[in-house]
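The structure appears right after this line, and notes come after that.
Every number here is computed from the coordinates shown, using simple stated rules; none is lab data. Computed from a predicted structure; not experimentally measured. Every residue, glycine as well, gets a Cβ built from its backbone with ideal geometry; the counts of neighbours run over all protein chains shown.
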Amino acid sequence: MNIDQFVSDFAECFDDTEAEVFTPTLKFKELEEWSSLQGLAIIAMCRKSYGIRISGAEIQEADTIQDVYALVSEKLG
Amino acid sequence: MAAYIKAISYYLPETILSNQILVEEFPEWSVEKIAKKVGVVNRHVVKNDECASDLAQHAALSLFDEWNIDKSCIDFVLLCTQSPDYFLPTTACLLQRHLGLRTSCGALDFNLGCSGFVYGLALAKGLVESDTANNVLLLTAETYSKYIHERDKGNRTIFGDAATATLVSADGFAEIGSFELGTDGNGADNLIVRSGAMRHPDRFEDIAFDKSGNPVSSDHLYMNGSEIFNFTLDTVPSVVDNVLAKNGVRQDDVSLYVFHQANKYMLDCLFDLMEIDEHKAYFYMSEVGNTVSSTIPIALVEARKEGRLRGNVVVAGFGVGYSWGGCILKCK
């Protein structure tokens with residue numbers, strides 16, 4: 001697991017936002033496209049690609065993609 | 001003795017809540033995009049004076065008519081609802097009167113949501129196989145629209161009202177196999193209407209709006225979507241594995257999976273996670289939405305019309321409680 005791949009996986013959870021917008025420091029909840037469905041997509045992506053269960057509350061606490069990456073990294077141990 | 005589904009029908013209230021109406025009410029919101037993801041175009045909702053018993057009565061009358069059933073054969077009524085007409089009496093007792101069923105007929109309500117149809121099949125099977133009843137009328141009827149706040153665009157997009165009627169007897173077109181049932185009350189707070197019943201009879205009047213403008217209110221339906229999503233992905237794969245094991249059926253020998261039609265996005269994720277072939281995954285929600293305990297029987301009716309109810313059909317319901325259940329229907 002590396003941050004570049006994670007940012008790329010993260011970007012695929014969105015339909016309308018251009019891929020180049022996504023960077024580790026992006027405050028993803030400020031995107032116009034952000035909705036609760038993107039939150040579900042991120043939960044599903046973390047399960048499928050990394051085998052990690054994250055909660056909606058954990059996504060709510062995160063500001064940037066880097067924050068979610070750190071969470072997943074920590075759970076991966 | 002084995003128990004079978006002998007007949008099955010459903011009823012939708014007349015009023016349609018279309019995506020077009022939602023777009024007009026929420027112009028700031030990409031309703032079309034969301035609706036495409038959740039897979040719902042239209043949902044039916046009750047009028048103020050329509051209740052669960054009215055919907056269930058229509059569904060039962062459709063069953064009697066479409067399947068040419070003499071209602072005098074019904075000797076037990078099971079009604080699954082979380083929106084009963086009254087605290088008491090039991091809505092199933094009202095239906096005995098409204099449907100003109102014989103008085104030597106057992107009747108009871110049970111309070112479950114999305115797992116309710118599967119639990120109803122388990123109860124009906126027990127009644128038939130124990131020779132307690134010969135012809136069980138299993139009804140599901142829900143009017144969640146009455147619980148949803150008018151500004152709750154998410155839940156209004158997903159949920160629809162409906163009722164279904166299923167006759168369970170000693171013969172029929174689908175033998176009811178063995179069940180896997182489960183409960184985890186730790187999830188109670190994630191799908192709940194907090195006020196109105198005896199724990200909190202008075203309204204909280206605590207409505208607040210989140211950053212997206214969604215109302216959060218103890219006096220209306222509250223659903224923590226991400227927690228329900230995680231619960232479903234945590235639970236359903238093992239429920240299905242256990243259903244297959246209990247029934248001695250291999251995954252390759254399943255012809256169709258009819259899951260609770262929560263929303264298309266969740267089912268897509270679930271089928272993807274479980275690596276279920278898309279041609280074995282059944283969807284029917286675009287014209288009805290998530291009708292809670294009615295989604296599985298509605299989907300069974302539609303799958304049967306399409307000639308897809310053949311062989312081993314896995315049904316699984318999961319949601320509010322948390323409560324879940326699955327079984328196999330061995331279809332002729």
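Residues of the stretch B:27-48 that are within 12 Å of another protein chain (Cβ to nearest Cβ) and among the hydrophobic types (A, V, I, L, M, F, W, C): B:29, B:31, B:34, B:35, B:38. Within the span defined as the stretch B:100-111, every residue fails to be in contact (Cβ under 8 Å) with a residue 40 or more places away in the chain and either surrounded by 14 or more Cβ atoms within 10 Å (Cβ to Cβ) or of a type outside the set (S, T, N, Q) (or both). The single condition among (1) assigned to a helix (DSSP H, G or I); (2) closer than 21 Å to residue A:37 by Cβ that residue B:262 does not meet is (1). Taken over the stretch B:268-311, the criterion of being assigned to a helix (DSSP H, G or I), in contact (Cβ under 8 Å) with a residue 40 or more places away in the chain and within 23 Å of residue B:230 (Cβ to Cβ) is satisfied by B:269, B:273, B:292, B:293, B:295, B:296. Contact map, the stretch B:217-238: first residue facing chain A (nearest Cβ under 10 Å) and at negative phi, second residue surrounded by fewer than 20 Cβ atoms within 10 Å (Cβ to Cβ) and aliphatic (A, V, I, L, M), Cβ cut-off under 8 Å, separation 6 or more or different chains; pairs are B:226/A:57; B:233/B:273. The criterion of at least 3 residues that are within 21 Å of residue B:265 (Cα to Cα) and either without any contact (Cβ under 8 Å) to a residue 24 or more places away in the chain or within 14 Å of chain B (Cβ to nearest Cβ) (or both) is met, among helices (runs of 4 or more DSSP H) falling completely within chain A, by A:36-50, A:56-61.
Each row is one residue, and each column tells you yes or no for (1) surrounded by fewer than 19 Cβ atoms within 10 Å (Cβ to Cβ); (2) aromatic (Phe, Trp, Tyr); (3) farther than 23 Å from residue B:35 by Cα.
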| position | (1), (2), (3) |
| --- | --- |
| B:256 | no, no, yes |
| B:268 | yes, no, no |
| B:281 | yes, no, no |
| B:291 | no, no, no |
| B:311 | yes, no, yes |
| B:325 | no, no, yes |
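Checking the stated criteria, residue A:44 turns out not to satisfy the condition of being out of contact with any helix residue (DSSP H, G or I) (no Cβ under 9 Å at 6 or more places or on another chain) and of a type outside the set (D, E, K, R). Could you tell me which residue of the stretch B:313-323 is surrounded by the fewest Cβ atoms within 10 Å (Cβ to Cβ), considering only residues that are small (Gly, Ala, Ser) and under 13 Å from the mean Cα position of the chain (by Cα)? For the stretch B:313-323, the residue satisfying everything is B:323.
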